[in-house]
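Notes follow the structure.
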Amino acid sequence: MRKNVRSLLLQSLTAALLAASALSAVSTTGDQASASAKEGAHGATNTARITTWPVLKTGASPVLKTGSQGTAVRTAQHLLAARGYTVKADGVYGRKTAAAVRSFQQRANLKVDGAVGPQTWSKLTAFTLRTGAKGPAVKAAQLQLGLRADGVFGKNTKDAVTSFQTRAQLKADGIVGPKTWNTLVNRTAPARPAPKPGATKPATSSAALAHQLLNKHGITYARNHSETVDFSSTAYQNIHDMAKGIGAATSGNSHVGRKRVQLNSDMLRALITLHDKYGYKLQISEFVGGVHGKNSRHYRGLSFDANYINGVHVGSGAPHKNVMKLCTTLGATEVRGPGDPGHNTHIHCAWK
Ligand SMILES: [Zn+2]
(Lines give C-alpha, C1' and ligand atoms only; values in the text may rest on other atoms or scores of the structure.)
Protein backbone atom coordinates (compact mmCIF):
# COMPACT_ATOMS: atom_id res chain seq x y z
CA MET A 1 0.00 0.00 0.00
CA ARG A 2 2.71 2.42 1.06
CA LYS A 3 4.65 1.50 -1.99
CA ASN A 4 1.65 2.37 -4.14
CA VAL A 5 1.29 5.78 -2.58
CA ARG A 6 4.95 6.47 -3.18
CA SER A 7 4.77 5.40 -6.80
CA LEU A 8 1.65 7.52 -7.25
CA LEU A 9 3.51 10.51 -5.85
CA LEU A 10 6.40 9.78 -8.13
CA GLN A 11 4.09 9.53 -11.08
CA SER A 12 2.45 12.88 -10.45
CA LEU A 13 5.85 14.46 -9.83
CA THR A 14 7.08 13.10 -13.16
CA ALA A 15 3.92 14.37 -14.84
CA ALA A 16 4.42 17.83 -13.36
CA LEU A 17 8.04 17.89 -14.50
CA LEU A 18 7.05 16.78 -17.98
CA ALA A 19 4.39 19.46 -18.13
CA ALA A 20 6.93 22.07 -17.04
CA SER A 21 9.44 21.02 -19.67
CA ALA A 22 6.68 20.94 -22.28
CA LEU A 23 5.77 24.52 -21.36
CA SER A 24 9.33 25.72 -21.57
CA ALA A 25 9.76 24.02 -24.93
CA VAL A 26 6.60 25.65 -26.22
CA SER A 27 7.62 29.10 -25.08
CA THR A 28 11.05 28.54 -26.63
CA THR A 29 9.35 27.81 -29.90
CA GLY A 30 7.31 30.95 -29.49
CA ASP A 31 10.41 33.10 -29.03
CA GLN A 32 12.09 31.57 -31.97
CA ALA A 33 9.01 31.99 -34.08
CA SER A 34 9.00 35.71 -33.39
CA ALA A 35 12.73 35.89 -34.01
CA SER A 36 12.08 34.33 -37.37
CA ALA A 37 9.29 36.80 -38.00
CA LYS A 38 11.76 39.64 -37.54
CA GLU A 39 14.21 37.90 -39.79
CA GLY A 40 11.87 37.30 -42.65
CA ALA A 41 14.96 35.73 -44.16
CA HIS A 42 13.24 32.49 -44.95
CA GLY A 43 10.10 33.98 -46.35
CA ALA A 44 8.15 32.84 -43.34
CA THR A 45 6.41 35.30 -41.11
CA ASN A 46 5.95 32.84 -38.29
CA THR A 47 7.33 29.34 -38.04
CA ALA A 48 4.33 28.31 -35.95
CA ARG A 49 2.07 29.01 -38.89
CA ILE A 50 3.86 26.63 -41.26
CA THR A 51 1.66 23.59 -41.37
CA THR A 52 2.74 22.08 -44.65
CA TRP A 53 6.22 20.97 -45.43
CA PRO A 54 7.14 22.45 -48.77
CA VAL A 55 7.74 19.81 -51.37
CA LEU A 56 11.13 20.08 -52.98
CA LYS A 57 12.29 18.77 -56.31
CA THR A 58 15.06 16.83 -54.64
CA GLY A 59 12.63 14.37 -53.07
CA ALA A 60 10.25 13.89 -50.21
CA SER A 61 11.28 14.23 -46.61
CA PRO A 62 11.95 10.82 -45.14
CA VAL A 63 9.08 9.24 -43.23
CA LEU A 64 10.42 7.66 -40.08
CA LYS A 65 8.61 5.01 -38.12
CA THR A 66 9.25 2.14 -35.76
CA GLY A 67 12.10 0.10 -37.22
CA SER A 68 13.67 3.01 -39.15
CA GLN A 69 17.38 3.52 -38.63
CA GLY A 70 20.05 6.00 -39.57
CA THR A 71 21.03 9.64 -39.54
CA ALA A 72 17.53 10.99 -40.11
CA VAL A 73 16.38 9.07 -37.03
CA ARG A 74 19.22 10.54 -34.95
CA THR A 75 18.28 13.98 -36.20
CA ALA A 76 14.65 13.47 -35.18
CA GLN A 77 15.79 12.17 -31.78
CA HIS A 78 17.92 15.29 -31.18
CA LEU A 79 14.93 17.42 -32.13
CA LEU A 80 12.75 15.49 -29.67
CA ALA A 81 15.38 16.08 -26.99
CA ALA A 82 15.21 19.77 -27.87
CA ARG A 83 11.49 19.54 -27.07
CA GLY A 84 12.20 18.16 -23.62
CA TYR A 85 11.90 14.45 -24.28
CA THR A 86 14.47 12.08 -22.88
CA VAL A 87 15.25 10.11 -26.01
CA LYS A 88 18.67 8.69 -26.70
CA ALA A 89 20.01 9.75 -30.11
CA ASP A 90 21.07 6.25 -31.10
CA GLY A 91 19.63 6.30 -34.62
CA VAL A 92 17.21 3.48 -33.91
CA TYR A 93 13.50 4.26 -34.00
CA GLY A 94 12.25 2.14 -31.14
CA ARG A 95 9.33 2.19 -28.73
CA LYS A 96 10.60 5.17 -26.71
CA THR A 97 11.10 7.31 -29.79
CA ALA A 98 7.64 6.41 -31.10
CA ALA A 99 6.11 7.28 -27.71
CA ALA A 100 7.89 10.65 -27.65
CA VAL A 101 6.72 11.36 -31.19
CA ARG A 102 3.13 10.52 -30.28
CA SER A 103 3.28 12.82 -27.27
CA PHE A 104 4.82 15.59 -29.35
CA GLN A 105 2.17 15.16 -32.04
CA GLN A 106 -0.56 15.46 -29.44
CA ARG A 107 1.01 18.65 -28.11
CA ALA A 108 1.43 20.10 -31.60
CA ASN A 109 -2.14 19.25 -32.68
CA LEU A 110 -0.92 16.83 -35.31
CA LYS A 111 -2.38 13.49 -36.27
CA VAL A 112 -1.07 11.12 -33.59
CA ASP A 113 0.46 8.17 -35.43
CA GLY A 114 3.91 7.90 -33.88
CA ALA A 115 5.63 8.34 -37.26
CA VAL A 116 7.65 11.35 -38.41
CA GLY A 117 6.21 12.43 -41.75
CA PRO A 118 6.21 15.86 -43.45
CA GLN A 119 3.87 17.54 -40.95
CA THR A 120 5.77 16.31 -37.94
CA TRP A 121 9.15 17.20 -39.49
CA SER A 122 7.81 20.68 -40.10
CA LYS A 123 6.80 21.15 -36.45
CA LEU A 124 9.82 19.34 -35.01
CA THR A 125 12.23 21.59 -36.88
CA ALA A 126 10.46 24.83 -35.92
CA PHE A 127 13.64 26.24 -34.41
CA THR A 128 15.55 29.15 -35.85
CA LEU A 129 19.24 28.58 -35.24
CA ARG A 130 22.02 31.10 -35.58
CA THR A 131 25.49 31.81 -34.20
CA GLY A 132 25.46 31.41 -30.43
CA ALA A 133 22.65 28.83 -30.35
CA LYS A 134 23.30 25.75 -28.23
CA GLY A 135 21.70 22.40 -27.52
CA PRO A 136 20.18 19.35 -29.17
CA ALA A 137 18.47 21.28 -32.01
CA VAL A 138 21.93 22.51 -33.05
CA LYS A 139 23.15 18.90 -32.92
CA ALA A 140 20.30 17.94 -35.28
CA ALA A 141 21.31 20.60 -37.80
CA GLN A 142 24.98 19.66 -37.49
CA LEU A 143 24.19 16.02 -38.18
CA GLN A 144 22.28 16.93 -41.32
CA LEU A 145 25.22 19.09 -42.40
CA GLY A 146 27.63 16.22 -41.87
CA LEU A 147 29.43 18.03 -39.03
CA ARG A 148 30.50 16.73 -35.65
CA ALA A 149 27.38 17.18 -33.48
CA ASP A 150 28.73 19.14 -30.51
CA GLY A 151 25.59 21.24 -30.08
CA VAL A 152 27.38 24.59 -30.34
CA PHE A 153 26.55 26.89 -33.24
CA GLY A 154 29.93 28.51 -33.80
CA LYS A 155 31.85 29.76 -36.80
CA ASN A 156 32.33 26.30 -38.31
CA THR A 157 28.63 25.59 -38.20
CA LYS A 158 27.77 28.98 -39.64
CA ASP A 159 30.22 28.49 -42.52
CA ALA A 160 28.78 25.04 -43.22
CA VAL A 161 25.23 26.44 -43.20
CA THR A 162 26.18 29.28 -45.55
CA SER A 163 27.90 26.97 -48.00
CA PHE A 164 24.99 24.51 -47.86
CA GLN A 165 22.55 27.34 -48.55
CA THR A 166 24.63 28.53 -51.49
CA ARG A 167 24.70 25.06 -53.01
CA ALA A 168 20.96 24.68 -52.42
CA GLN A 169 20.29 28.12 -53.94
CA LEU A 170 18.78 29.43 -50.73
CA LYS A 171 19.46 32.82 -49.22
CA ALA A 172 22.97 32.35 -47.77
CA ASP A 173 22.54 34.03 -44.39
CA GLY A 174 24.02 31.31 -42.21
CA ILE A 175 20.76 31.03 -40.26
CA VAL A 176 18.85 27.76 -40.11
CA GLY A 177 15.17 28.61 -40.57
CA PRO A 178 12.25 26.64 -42.07
CA LYS A 179 13.49 26.53 -45.68
CA THR A 180 16.98 25.54 -44.70
CA TRP A 181 15.66 22.89 -42.32
CA ASN A 182 13.40 21.56 -45.02
CA THR A 183 16.22 21.33 -47.52
CA LEU A 184 18.58 19.83 -44.95
CA VAL A 185 16.14 17.08 -44.08
CA ASN A 186 15.15 16.38 -47.68
CA ARG A 187 18.69 16.37 -49.02
CA THR A 188 19.74 13.72 -46.57
CA ALA A 189 16.77 11.45 -47.16
CA PRO A 190 17.97 7.83 -47.26
CA ALA A 191 19.24 7.21 -50.76
CA ARG A 192 17.88 4.31 -52.73
CA PRO A 193 20.41 1.51 -52.82
CA ALA A 194 22.45 1.71 -55.98
CA PRO A 195 21.99 -1.25 -58.29
CA LYS A 196 24.88 -3.71 -58.16
CA PRO A 197 27.38 -3.02 -60.92
CA GLY A 198 26.92 -5.34 -63.84
CA ALA A 199 23.57 -6.56 -62.57
CA THR A 200 21.59 -3.99 -64.45
CA LYS A 201 21.52 -1.91 -67.59
CA PRO A 202 20.65 1.80 -67.36
CA ALA A 203 17.39 2.41 -65.52
CA THR A 204 15.86 4.36 -68.35
CA SER A 205 15.97 1.51 -70.82
CA SER A 206 14.55 -0.94 -68.27
CA ALA A 207 11.84 1.55 -67.40
CA ALA A 208 10.97 1.95 -71.07
CA LEU A 209 10.86 -1.84 -71.53
CA ALA A 210 8.62 -2.20 -68.49
CA HIS A 211 6.36 0.38 -70.01
CA GLN A 212 6.23 -1.57 -73.29
CA LEU A 213 5.47 -4.76 -71.39
CA LEU A 214 2.47 -3.17 -69.72
CA ASN A 215 0.96 -2.78 -73.19
CA LYS A 216 1.33 -6.50 -74.00
CA HIS A 217 -2.03 -7.91 -73.02
CA GLY A 218 -0.84 -11.49 -73.24
CA ILE A 219 1.48 -10.95 -70.26
CA THR A 220 -0.15 -10.64 -66.86
CA TYR A 221 1.32 -10.24 -63.39
CA ALA A 222 0.41 -11.84 -60.08
CA ARG A 223 -1.02 -9.47 -57.50
CA ASN A 224 -0.06 -11.63 -54.54
CA HIS A 225 2.64 -14.04 -53.42
CA SER A 226 2.41 -17.71 -52.56
CA GLU A 227 4.44 -17.48 -49.34
CA THR A 228 4.18 -13.96 -47.99
CA VAL A 229 1.79 -11.01 -47.83
CA ASP A 230 3.40 -7.88 -49.24
CA PHE A 231 1.44 -6.12 -51.92
CA SER A 232 4.19 -3.58 -52.57
CA SER A 233 6.49 -6.25 -53.99
CA THR A 234 4.17 -8.33 -56.15
CA ALA A 235 5.10 -8.92 -59.81
CA TYR A 236 2.24 -6.56 -60.69
CA GLN A 237 3.59 -3.79 -58.46
CA ASN A 238 7.19 -4.48 -59.56
CA ILE A 239 6.46 -3.94 -63.24
CA HIS A 240 4.37 -0.83 -62.59
CA ASP A 241 7.07 0.65 -60.34
CA MET A 242 9.68 -0.09 -63.00
CA ALA A 243 7.57 1.68 -65.64
CA LYS A 244 7.31 4.64 -63.26
CA GLY A 245 11.10 4.67 -63.00
CA ILE A 246 11.33 4.02 -59.25
CA GLY A 247 12.63 0.45 -59.42
CA ALA A 248 11.06 -2.78 -58.19
CA ALA A 249 10.70 -3.42 -54.44
CA THR A 250 11.92 -6.57 -52.74
CA SER A 251 9.93 -7.88 -49.79
CA GLY A 252 10.78 -6.84 -46.25
CA ASN A 253 10.30 -10.51 -45.32
CA SER A 254 12.98 -11.69 -47.74
CA HIS A 255 16.70 -12.38 -47.15
CA VAL A 256 17.68 -8.99 -48.51
CA GLY A 257 14.98 -7.02 -46.71
CA ARG A 258 13.21 -4.15 -48.29
CA LYS A 259 15.03 -2.36 -51.10
CA ARG A 260 14.54 -1.22 -54.67
CA VAL A 261 16.32 -2.84 -57.60
CA GLN A 262 16.17 -2.46 -61.36
CA LEU A 263 14.75 -5.29 -63.43
CA ASN A 264 17.34 -6.54 -65.89
CA SER A 265 16.76 -5.24 -69.40
CA ASP A 266 17.76 -8.52 -71.11
CA MET A 267 15.12 -10.33 -69.07
CA LEU A 268 12.47 -7.73 -69.93
CA ARG A 269 13.43 -7.92 -73.62
CA ALA A 270 13.14 -11.71 -73.50
CA LEU A 271 9.59 -11.42 -72.13
CA ILE A 272 8.67 -9.08 -74.97
CA THR A 273 10.15 -11.53 -77.48
CA LEU A 274 8.34 -14.52 -75.95
CA HIS A 275 5.11 -12.59 -76.39
CA ASP A 276 5.63 -10.78 -79.69
CA LYS A 277 7.70 -13.25 -81.68
CA TYR A 278 6.62 -16.59 -80.23
CA GLY A 279 3.06 -15.69 -79.25
CA TYR A 280 3.20 -16.96 -75.67
CA LYS A 281 0.80 -15.79 -73.04
CA LEU A 282 2.43 -15.76 -69.64
CA GLN A 283 1.50 -14.95 -66.11
CA ILE A 284 4.55 -13.72 -64.18
CA SER A 285 4.28 -14.86 -60.57
CA GLU A 286 7.42 -13.15 -59.22
CA PHE A 287 10.16 -10.73 -60.16
CA VAL A 288 12.09 -9.43 -57.13
CA GLY A 289 9.37 -9.84 -54.49
CA GLY A 290 8.57 -12.93 -52.48
CA VAL A 291 10.99 -15.19 -50.65
CA HIS A 292 13.60 -17.16 -52.58
CA GLY A 293 16.92 -18.85 -51.92
CA LYS A 294 19.39 -16.73 -49.97
CA ASN A 295 21.49 -15.81 -53.00
CA SER A 296 18.65 -15.90 -55.49
CA ARG A 297 19.02 -13.88 -58.66
CA HIS A 298 15.44 -12.74 -58.08
CA TYR A 299 16.70 -10.31 -55.43
CA ARG A 300 18.97 -8.71 -58.04
CA GLY A 301 16.23 -8.23 -60.61
CA LEU A 302 17.65 -10.94 -62.86
CA SER A 303 14.83 -13.49 -62.90
CA PHE A 304 11.17 -14.03 -63.46
CA ASP A 305 8.92 -16.89 -62.41
CA ALA A 306 5.89 -17.75 -64.52
CA ASN A 307 3.06 -19.95 -63.27
CA TYR A 308 0.67 -19.87 -66.23
CA ILE A 309 1.54 -20.39 -69.88
CA ASN A 310 -1.22 -19.82 -72.46
CA GLY A 311 -3.76 -19.91 -69.64
CA VAL A 312 -2.69 -23.34 -68.37
CA HIS A 313 -0.99 -23.77 -64.99
CA VAL A 314 2.61 -24.95 -65.14
CA GLY A 315 2.69 -28.59 -64.05
CA SER A 316 -0.86 -29.17 -65.29
CA GLY A 317 -0.22 -29.46 -69.00
CA ALA A 318 1.31 -26.08 -69.83
CA PRO A 319 4.00 -26.17 -72.54
CA HIS A 320 6.69 -25.26 -70.02
CA LYS A 321 9.53 -27.11 -71.78
CA ASN A 322 9.21 -24.95 -74.89
CA VAL A 323 9.29 -21.72 -72.93
CA MET A 324 12.23 -22.92 -70.85
CA LYS A 325 14.15 -23.74 -74.01
CA LEU A 326 13.39 -20.30 -75.43
CA CYS A 327 14.59 -18.67 -72.19
CA THR A 328 17.96 -20.33 -72.77
CA THR A 329 17.95 -19.21 -76.41
CA LEU A 330 17.24 -15.67 -75.24
CA GLY A 331 20.23 -15.64 -72.91
CA ALA A 332 18.96 -17.06 -69.61
CA THR A 333 21.72 -18.96 -67.80
CA GLU A 334 19.61 -20.48 -65.02
CA VAL A 335 16.38 -22.18 -66.07
CA ARG A 336 14.20 -24.36 -63.83
CA GLY A 337 10.78 -25.98 -64.07
CA PRO A 338 8.74 -29.09 -63.23
CA GLY A 339 11.12 -31.87 -62.23
CA ASP A 340 13.52 -29.45 -60.52
CA PRO A 341 13.16 -29.19 -56.73
CA GLY A 342 10.65 -26.50 -55.75
CA HIS A 343 9.59 -25.80 -59.32
CA ASN A 344 6.72 -28.19 -59.95
CA THR A 345 4.19 -25.42 -60.48
CA HIS A 346 6.24 -22.63 -62.05
CA ILE A 347 9.17 -22.01 -64.34
CA HIS A 348 12.13 -19.85 -63.41
CA CYS A 349 14.36 -18.08 -65.95
CA ALA A 350 17.33 -16.02 -64.77
CA TRP A 351 19.84 -13.84 -66.59
CA LYS A 352 23.30 -12.74 -65.55
ZN1 LIG B 1 12.34 -18.26 -59.35
Can you spot the aspartates and glutamates whose alpha carbon is less than 19 Å from K216's alpha carbon? Ignore those fewer than 8 places along the same chain. D241, D266, D276, E286, D305
Sorted on mean Cβ neighbours within 10 Å (highest first), peptides 164-172, 117-125 come out as 117-125, 164-172
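For each pair in K96/K123; K65/K244; K281/K321, compute the distance between the two Cα atoms and list the pairs where it is over 21 Å. Display every interim value, and only then the final one.
Working: K96/K123 19 Å; K65/K244 25 Å; K281/K321 14 Å.
Pairs exceeding 21 Å: K65/K244.
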Got the relative contact order for the range 226-352 handy, in percent, Cα pairs under 8 Å and 6 or more residues apart? 22 percent
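With every protein chain kept in place and ligands, DNA and RNA left out, what is the accessible area per residue of the range 203-350? Probe 1.4 Å, answer in Å².
Values: 6480 Å² over 148 residues.
The answer is 44 Å² per residue.
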Label point 7 Å beyond Cα of T71 along Cβ direction - residues of the range 166-187 with amide nitrogen under 14 Å: 183-187
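How much length, in nm to one decimal, is gained on full extension between N215 and K111, taken as 0.36 nm per residue of separation minus their Cα-Cα distance? Kindly include the intermediate steps, with their values, before the conclusion.
Working: separation 104, 0.36 × 104 = 37.44 nm, distance 4.05 nm.
Separation in residues times 0.36 nm, less the Cα-Cα distance, equals 33.4 nm.
The values are calculated or read from the model by the stated rules, or taken from the named source; none is laboratory data. Just so it is clear, the model here is predicted, and its values are computed rather than measured. Ideal geometry is used to build each Cβ from the backbone, glycine not excepted, and the neighbour counts take in all protein chains shown. To get the accessible areas, we keep the full protein, side chains included, count just its heavy atoms, and leave off ligands, DNA and RNA. Shrake-Rupley method; radii C 1.70, N 1.55, O 1.52, S 1.80 Å.
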